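First up is the structure itself, then whatever we jot down about it.
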Amino acid sequence: MKPATAAKKLGVYLEATPAEFQEGVVSRDELNALQTEPPEWLRDLRRNGPHPRPVIAAKLGISISGLARGGITDALTTEQIDAVKTENPDWLKRERETQAEVRKEEARVKASRGEG
């Protein structure tokens with residue numbers, strides 16, 4: 001698979017991966033090996049970042065669209081994400097409220113369908 005696909009499956013920011021990862025092709029077996037026994041560079045990326053937008057959104061408890069509305073379009077490190085959490089700006093509060101409403105509505109719809 002393409003490196004971008006593998007990076008997405010691993011939950012890491014492609015541009016922060018080693019050059020040999022970015023320039024190569026990743027087989028299914030290699031991906032499985034990276035997932036089960038991640039090398040130091042992968043553990044470090046997962047721990048410290050920079051993180052891709054889906055990971056940032058999850059860590060902040062908001063949607064990817066909410067990140068964009070909040071003006072975050074680039075990868076952030078764990079330290080930067082923690083700073084945003086600590087600062088807790090108004091946009092983050094609004095996006096968390098929006099996300100909570102979306103989850104409530106999804107749960108209501110699921111329950112009304114008898115899926116829960």
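One table, with the values for the structure above:
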quantity: Residues of the chain: accessible area per residue with a 1.4 Å probe, Å²; calculated: 65 Å²
quantity: Highest-first arrangement of 35-47, 51-63, where packing means the average Cβ count within 10 Å; calculated: 51-63, 35-47
quantity: Where labels lie 7 Å past Cα in the beta-carbon direction, separation of residue 77 and residue 15 in nm; calculated: 1.6 nm
quantity: Gyration tensor over alpha-carbon atoms, the chain, equivalent ellipsoid semi-axes in Å; calculated: 30, 20, 11
quantity: Top of 93, 85, 104 by mean-square fluctuation, Gaussian network on the chain, Cα under 10 Å; calculated: 104
quantity: Dimensionless Rg/Rh of segment 69-116 - Kirkwood Rh, Rg from C-alpha atoms; calculated: 1.18
quantity: Lys/Arg +1, Asp/Glu -1 at C-beta; the chain dipole; positive extreme among 78, 62, 109; calculated: 109
quantity: Accessible surface of the chain [probe 1.4 Å, protein heavy atoms]: carbon and sulfur percent; calculated: 49 percent
quantity: Global geometry of segment 1-47, whether rounded, prolate or oblate, following the gyration tensor of its Cα atoms and the 1.5 cut on a/c; calculated: oblate
quantity: Centroid-to-centroid separation of segment 44-64 and segment 88-104 [C-alpha atoms, Å]; calculated: 17 Å
quantity: The chain: calculated mean residue ellipticity at 222 nm from DSSP helix runs of at least 4, using -39500 (n - 2.57); calculated: -19500 deg cm²/dmol
quantity: Net charge of Cβ neighbours under 13 Å - reference residue 9; Lys, Arg +1; Asp, Glu -1; calculated: +3
quantity: Sequence-separation-based contact order of segment 1-47, relative, with Cα cut under 8 Å and 6+ spacing, percent; calculated: 44 percent
quantity: Rounded to the nearest 20 debye, dipole of segment 1-47 from Cβ charges on Lys, Arg, Asp, Glu; calculated: 280 debye
quantity: Out-of-range pairs (alpha-carbon distance over 21 Å; input 9/110; 9/85; 59/104; 8/59; 9/59); calculated: 9/110; 9/85
quantity: Additional length obtainable on full extension of the chain from residue 86 to residue 100, 0.36 nm per residue less Cα span; calculated: 3.1 nm
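The values are calculated or read from the model by the stated rules, or taken from the named source; none is laboratory data. All figures in this text were calculated on a predicted structure; none of them were measured in a lab. Every residue, glycine among them, receives a Cβ derived from its backbone with ideal geometry; neighbour counts consider all protein chains shown. These accessible areas exclude ligands, DNA and RNA; they are computed on the full protein's heavy atoms, side chains included. Shrake-Rupley method; radii C 1.70, N 1.55, O 1.52, S 1.80 Å.
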